[in-house]
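**Q** Submitted below is the structure of interest, expressed as structure tokens.
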Amino acid sequence: MSKLDQRQAGVEMPTKNIFSRRDFVRFGGLVAAFAASTDMLAAAPGRPPTDEGSAIRLGVASYTFRNFNRAQMISFMKQLNVLALNAKDVKDHLPMNPQEEAAALADYAAAGIKLHAAGTIYFPKDEDEDIRSKFEYCKRAGIGVIVAGDPAAETLPRIEKFVREYDIRFAIHNHGPEDKLWHSPLDVLKAVKGLDPRIGCCIDVGHTVRAGTDVVQAIHEVGARVFNVHMKDLTNFQSKESQVAVGEGIMPVKKIFEALSAIKYKGFVDLEYEIHADDPMPGVIASFAYMRGVLAGMGYAAQS
């Protein structure tokens, strides 16, 4: 049985994996194969319809390529056949400076890459000027979701005014047990329940499980306030350092996709691969191949 077959069958895989350039080419082929297989399976008789409520859209968080410039990241995304980006002001990916941002947006448009979210963006000040500058940043880029890192609960009423003015959704990112405010998506849900429905959560699945929260249950509970998902995998739910390529750990990926489909999630599942920053592509390729394979097995088209 091949490693890919073992992963699809749920067989536990070794946590350590060393990728050669041969592996890189092999996994590149897997990406193309899974992209094709999802289309075929989605059209098969008896398969669930691939409407907006059921299709899972895959994207990538630009933080994955934090050690690479914009041109390199665009090249990587084309290799992956992923054209949906959650952009961050890191390197030259999406600078806050308006002129530099415009240049970045021109490059993405030329490459056919669409930006659906920006973040993580931090909101340390309870001040209109600081908050407005970040909403303007996303408005210029045509981005509909702000992934927010650390807004204090006291600043949310002020932020709510800008959400209404700009009609941009505000997704608070949970950062696990180390986060002083937002350990889990359920902490976010408690804080935003009485606020504008465009204020919600970016569920980071890795940080969620490390906070001791059932990630599948959290998706169901947060429901319509889930605006973005950061996907990663771990071999140990108590260890941040145990991250591996998606499919090589114990993250319940299929159940996560099923939960998102059940709540008719219309956002993106963005791979945030935080390890091997100087050579992320082998793990990124393996992660997308695995996710596409899971979706194909479920009968859903993996749109990206």
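The values are calculated or read from the model by the stated rules, or taken from the named source; none is laboratory data. Bear in mind that the values here come from a model prediction, so they are computed numbers and not experimental data. Methodologically, a virtual Cβ is constructed for each residue, glycine included, from the backbone with ideal geometry; neighbour enumeration extends over all protein chains shown. Accessible surface is based on the protein model in full, side chains and every heavy atom, while ligands, DNA and RNA are left aside. Shrake-Rupley method; radii C 1.70, N 1.55, O 1.52, S 1.80 Å.
**Q** Rounded to the nearest 10 Å², what accessible area does His276 have for a 1.4 Å probe in the complete protein model?
**A** 110
**Q** If you keep only loop residues by DSSP, which GluC sites (Glu not before Pro) in the range 57-144 have at most 14 other Cβ atoms within 10 Å of their Cβ?
**A** Qualifying residues, ordered by number: Glu127.
**Q** Could you state the number of Å between the C-alpha centres of the range 119-136 and the range 191-232?
**A** 21
**Q** Still on this model: Report the accessible area of Val294, computed with a 1.4 Å probe over the heavy atoms of all protein chains in place, in Å² rounded to the nearest 10.
**A** Accessible area of Val294: about 20 Å².
**Q** Apply 1/(1 + (r/R0)^6) to the Cβ-Cβ distance of Asp279 and Arg158, taking R0 = 41 Å, and write down the FRET efficiency to the nearest 0.05.
**A** That gives a FRET efficiency of 0.45.
**Q** Can you give me the distance in nm between label points at Asp130 and Lys240, each placed 7 Å from the Cα along the Cα-to-Cβ direction?
**A** Here the answer is 2.2 nm between the modelled labels.
**Q** Sorting Leu234, Leu83 by accessible area (1.4 Å probe), largest first, what list results?
**A** Leu83, Leu234
**Q** Heavy atoms only, 1.4 Å probe, whole protein assembly: order Leu195, Leu85 by accessible area, highest first.
**A** Solvent-accessible surface, decreasing: Leu195, Leu85.
**Q** Further question: In square angstrom, rounded to the nearest 10, how much accessible surface does His220 have for a 1.4 Å probe?
**A** The value for His220 is about 100 Å².
**Q** Cut-off under 24 Å on the C-alpha distance; same-chain residues fewer than 8 positions from Lys114 excluded. Which lysines are left, in chain and number order?
**A** Within the straight-line limit of under 24 Å, Lys114 reaches these lysines: Lys78, Lys88, Lys91, Lys134, Lys139, Lys232, Lys264, Lys266.
**Q** Give me the net charge for the shell around Phe65: Cβ to Cβ below 13 angstrom, other residues only, Lys and Arg +1, Asp and Glu -1.
**A** Combined, the nearby Lys, Arg, Asp and Glu give -1.
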